[in-house]
Amino acid sequence: AVAEVQLRDDQYTLDHMRAFGMYNYLHLDSWYQDNVYYVDQFGRVMNLSVTLDTALQKPREVFRLPTDLNACDNRLCASIHFSSSTWVTLSDGTGRLYLIKSGKRGSSASEKWEIVFNEDLGSPFIVAHSVSFVKSDAHSLAVLMLRVEKDELDTKGSGFHVTLEWVTVAERKEGDHRYEIIKRRVLKGKSVPHYAAIEPSGDGLMIVSHKPFTFMKSESEKLEENDDMKVSNEKKDPLYYWQQTEDDVTVTVHLPQDVTKDDIKIHFSPDNICVTLKDQTPLMEGNLYSSVDHESCTWIIREDKSLEISLIKKNEGCRWPELIIGDTRGEFIMDPSQCSEIAESLMHLTSEVMNPNPEKENPPCNAQELEECDAFLEDGASLCRFDGDTLKVTHIINLGSNQYLFSVVVNPKEMPCFCLRHDVDALLWQPHSDQPENMWEHIATFNALGYVQASKQDKKFMACAPDYSYAALCECLRRVFIYRQLTPLATVLYNRKEGRQVGQVAKQLVATLETNDPILGFQATNERLFVLTTKTLFLIKVNSGN
């Protein structure tokens, strides 16, 4: 039977349910068509590859986990990810990571699974994603590990947080074909991500999640940050203050006690200013925000020992956002009359009345008109891209009401696609990490799938064929729903109500499995669906092969 791991009493949150309770125990090898794997109760990795429907082989053992899984009390389910056509990432659920060289998979002749790296990485995790790539002449594998951990500081929430550990393992330079960890980075968040994947180059990470993720800093980084904080806290008062009117700019600089008029040198040019005291390095120097009439610019020393510089604007009425471009050492002082002027000029953008004159013809989607099945818990997830070097977010997209539905590998060399609900439809998006201007491409649409899936209260898994020919979902027990794309009809249908011809129809199919065991795994290929229960693997032929 499949090595199912039931949730324990202390794994009671929605995040535990999402990450481990709804885990897909059937693994599709996208590098080879119609090739699926699962782990059985003896810790054996079993493979079923379909070449002919008429001659189905029994699942065969390709690898056996070396550890006794039942010896670990707090273990999770074993997890597998196919990093490339010859590399596999495997976790036994006890906190141990295996990197395996498999040879070409799918046929017993060339397939031989050998452990190349095997290390205990702390508390139990499941493998969320992995990639294989070559960087600076060394073969590397990057693995994303998901954990739900107790959070002592979280007294108001669930008492748990979610971590994604991004580990990079590379071949050693010594040439002994041994692999070692070269980087470990941890992201922390408050919800299990819907989607988390490493870019094929290993340079970045994309996450779709309901709550944001941030990188946790190591102790050395925290110390460095504290030093930076001290430096920034010791910052002095602004070097200069400046004000402006429609016609001119006035700059005030506080001078040291012993400076006289002869020590001050100021050079004005149409776009530039340079202020020097006692032939030292310039106190202020740089390009002005806008041009000035440099021949009319003046300066004086006031009684309070401050230097006052008057600049006459060439373009009257132009408001300067800064004095010297890129210089942050000054402070702008606005007088009250200017404040009210600005407020007045922005008045037309705001209104006392909420939504004073919306377009009456096409009102926005009204929440009251939505049916009960359309309302879902999550009021907006976000899609983030993290840079692997700076560990900062480079892109963030608020998905709003575009509910996340499922992910699918269309091309194993690219990142997995994700499917989002857009109104009643479901749209499939392919990330392209190497194309900053076209980072997410819309590649397929499943008409009305967004609406249809919302009514399926018991749905457990959702998938689609890599060629988009159909989408499918299964419930926790027995039933599988298949939604084909529109196909032309041999004969024309008439819609009598509207009197229009219908040239194409999208068929919906329902399959009922002859079993009372809950569905544990679900995968779709172009030709067939694989459905796994505790003791049975069902194959459903959806499309006939070309």
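Identify all residues within segment 60-113 that are of a type in the set (K, R) and under 24 Å from E180 (Cα atoms); write none if there are none.
First pass over segment 60-113, keeping only residues of a type in the set (K, R): 60, 64, 75, 96, 101, 104-105, 112.
R64, R96, K101, K104, K112 - these are the residues of segment 60-113 that are of a type in the set (K, R) and under 24 Å from E180 (Cα atoms).
Just checking, which of F418, F386 is assigned by the TED database to the domain that holds H27, part of a strand (DSSP E or B) and aromatic (F, W, Y)?
Details: F418 fails: assigned by the TED database to the domain that holds H27.
After applying the criteria, what remains is F386.
Restricting attention to segment 221-254, and to residues there that are among the basic types (K, R) and closer than 29 Å to I309 by Cβ, which single residue is modelled with the lowest pLDDT? Talk me through it step by step, then tell me what you get.
Let us first name the residues in segment 221-254 that are among the basic types (K, R), namely 222, 230, 235-236.
From what is left, the residues that are closer than 29 Å to I309 by Cβ are 235-236.
On the way: K235: 55, K236: 67.
That would be K235.
Would you mind stating whether T94 is open to solvent by 10 Å² or more (accessible area, probe 1.4 Å) and in contact with a helix residue (DSSP H, G or I) (Cβ under 9 Å, 6 or more places away or on another chain)? Before you say what the answer is, go through the steps one by one.
Working: open to solvent by 10 Å² or more (accessible area, probe 1.4 Å): yes; in contact with a helix residue (DSSP H, G or I) (Cβ under 9 Å, 6 or more places away or on another chain): yes.
Yes: the conditions hold for T94.
Can you tell me how many residues in segment 504-528 are β-branched (V, I, T), part of a strand (DSSP E or B) and crowded, with 16+ Cβ neighbours inside 10 Å? Steps first, please.
If we filter segment 504-528 for residues that are β-branched (V, I, T), which is where we start, we get 505, 510, 512, 515, 519, 525.
Those left that are additionally part of a strand (DSSP E or B): 505, 510, 512, 519.
Now drop any that are not crowded, with 16+ Cβ neighbours inside 10 Å, which leaves 519.
Residues in segment 504-528 being β-branched (V, I, T), part of a strand (DSSP E or B) and crowded, with 16+ Cβ neighbours inside 10 Å: 1 in total.
Would you mind stating whether S132 is farther than 17 Å from A78 by Cβ, in contact with an Asp or Glu (Cβ under 9 Å, 6 or more places away or on another chain) and assigned to a strand (DSSP E or B)?
On the way: farther than 17 Å from A78 by Cβ: yes; in contact with an Asp or Glu (Cβ under 9 Å, 6 or more places away or on another chain): no; assigned to a strand (DSSP E or B): yes.
When the stated conditions are applied, S132 does not pass them.
Please list, ordered by first then second residue, the pairs with beta carbon atoms under 6 Å, 6 or more apart or interchain, first in segment 14-27 and assigned by the TED database to the domain that holds K211 and touching a residue at least 60 places away in the same chain (Cβ under 8 Å), second open to solvent by 30 Å² or more (accessible area, probe 1.4 Å) and among the hydroxyl-bearing types (S, T, Y).
Pairs found: Y25/Y38; L26/Y38.
Here are some conditions: (1) part of a loop (DSSP other than H, G, I, E, B); (2) touching a Lys or Arg at 6+ places or on another chain (Cβ under 7 Å). L473 meets all but one. Which one does it not meet?
(1)
Output the residues belonging to segment 104-132 that are of a type in the set (S, T, Y) and more than 31 Å from the chain's Cα centre (by Cα). If you could, list the steps in order and put the result at the bottom.
Filtering segment 104-132 down to residues of a type in the set (S, T, Y) leaves 107-108, 110, 123, 130, 132.
Answer for segment 104-132, where residues must be of a type in the set (S, T, Y) and more than 31 Å from the chain's Cα centre (by Cα): S107, S108, S110.
Restricting attention to segment 135-156, report how many residues are under 23 Å from the mean Cα position of the chain (by Cα) and of a type outside the set (D, E, K, R).
Qualifying residue count, segment 135-156: 8.
Quickly run through segment 280-293 and pick out the residues that are of a type in the set (A, V, I, L, M, F, W, C) and either in a strand (DSSP E or B) or open to solvent by 80 Å² or more (accessible area, probe 1.4 Å) (or both). Talk me through it step by step, then tell me what you get.
As a first pass, look at segment 280-293 and keep what is of a type in the set (A, V, I, L, M, F, W, C): 283-284, 288, 292.
If the condition is that a residue be of a type in the set (A, V, I, L, M, F, W, C) and either in a strand (DSSP E or B) or open to solvent by 80 Å² or more (accessible area, probe 1.4 Å) (or both), then M284, L288, V292 are the ones that fit.
Restricting attention to segment 103-117, which residues are within 15 Å of S84 (Cβ to Cβ) and exposed (fewer than 12 other Cβ atoms within 10 Å of the Cβ)? So that I can check it myself, show each step before the final result.
Quick first cut of segment 103-117, residues within 15 Å of S84 (Cβ to Cβ) only: 103-106, 110-111, 113-114, 116-117.
Result: S110, E114.
When you look at K278, is it farther than 24 Å from Q338 by Cβ, of a type in the set (K, R) and modelled with pLDDT of 90 or more, yes or no?
Details: farther than 24 Å from Q338 by Cβ: yes; of a type in the set (K, R): yes; modelled with pLDDT of 90 or more: no.
No.
Per-residue answers, yes or no, for (1) surrounded by 15 or more Cβ atoms within 10 Å (Cβ to Cβ); (2) closer than 17 Å to M22 by Cα:
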{"residue": "Q457", "(1), (2)": "no, yes"}
{"residue": "K460", "(1), (2)": "yes, yes"}
{"residue": "C464", "(1), (2)": "yes, no"}
{"residue": "Y470", "(1), (2)": "yes, no"}
{"residue": "F481", "(1), (2)": "yes, no"}
{"residue": "P488", "(1), (2)": "no, no"}
{"residue": "K497", "(1), (2)": "no, no"}
{"residue": "Q501", "(1), (2)": "no, no"}
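Hey, can you tell me all the residues within segment 88-115 that are in a strand (DSSP E or B) and aromatic (F, W, Y)?
Scanning segment 88-115 gives a single hit, Y98.
In segment 300-318, which residues are among the hydrophobic types (A, V, I, L, M, F, W, C) and open to solvent by 70 Å² or more (accessible area, probe 1.4 Å)? Spell out the reasoning first.
Residues of segment 300-318 among the hydrophobic types (A, V, I, L, M, F, W, C): 300-301, 307, 309, 311-312, 318.
Listed by number, the list holds a single entry, I300.
Can you tell me which condition I325 does not meet? The list is (1) closer than 30 Å to V452 by Cα; (2) modelled with pLDDT of 85 or more; (3) among the aliphatic types (A, V, I, L, M), and all the others hold.
Status for I325: all satisfied but (1).
Please go through segment 131-148 and give me each residue that is at pLDDT 95 or above and either open to solvent by 50 Å² or more (accessible area, probe 1.4 Å) or within 30 Å of Y12 (Cβ to Cβ) (or both), ordered by number.
Within segment 131-148, V143, L144, M145, L146, R147, V148 qualify.
From (1) open to solvent by less than 30 Å² (accessible area, probe 1.4 Å); (2) among the basic types (K, R); (3) closer than 25 Å to D517 by Cβ, pick out the condition that doesn't hold for R421.
(3)
Where in segment 294-336 are there strands (runs of 3 or more DSSP E), lying fully within it, with 1 or more residues that are free of Cβ contacts under 8 Å to residues at least 60 places away in the same chain and at negative phi?
Values: elements: 298-301, 306-312, 330-332.
The qualifying strands (runs of 3 or more DSSP E) are 298-301, 306-312.
Of all the residues that make up segment 269-279, how many are assigned to a strand (DSSP E or B) and in contact (Cβ under 8 Å) with a residue 40 or more places away in the chain? Steps first, please.
Kept after step one, since they are assigned to a strand (DSSP E or B), are these residues of segment 269-279: 269, 272-277.
Narrowing further to those that are in contact (Cβ under 8 Å) with a residue 40 or more places away in the chain: 273.
So the answer is 1.
The values are calculated or read from the model by the stated rules, or taken from the named source; none is laboratory data. Model, not experiment: these values are computed from the prediction. Here Cβ is always computed from backbone atoms with ideal geometry, including for glycine, and neighbour counts include all displayed protein chains. These accessible areas exclude ligands, DNA and RNA; they are computed on the full protein's heavy atoms, side chains included. Shrake-Rupley method; radii C 1.70, N 1.55, O 1.52, S 1.80 Å.
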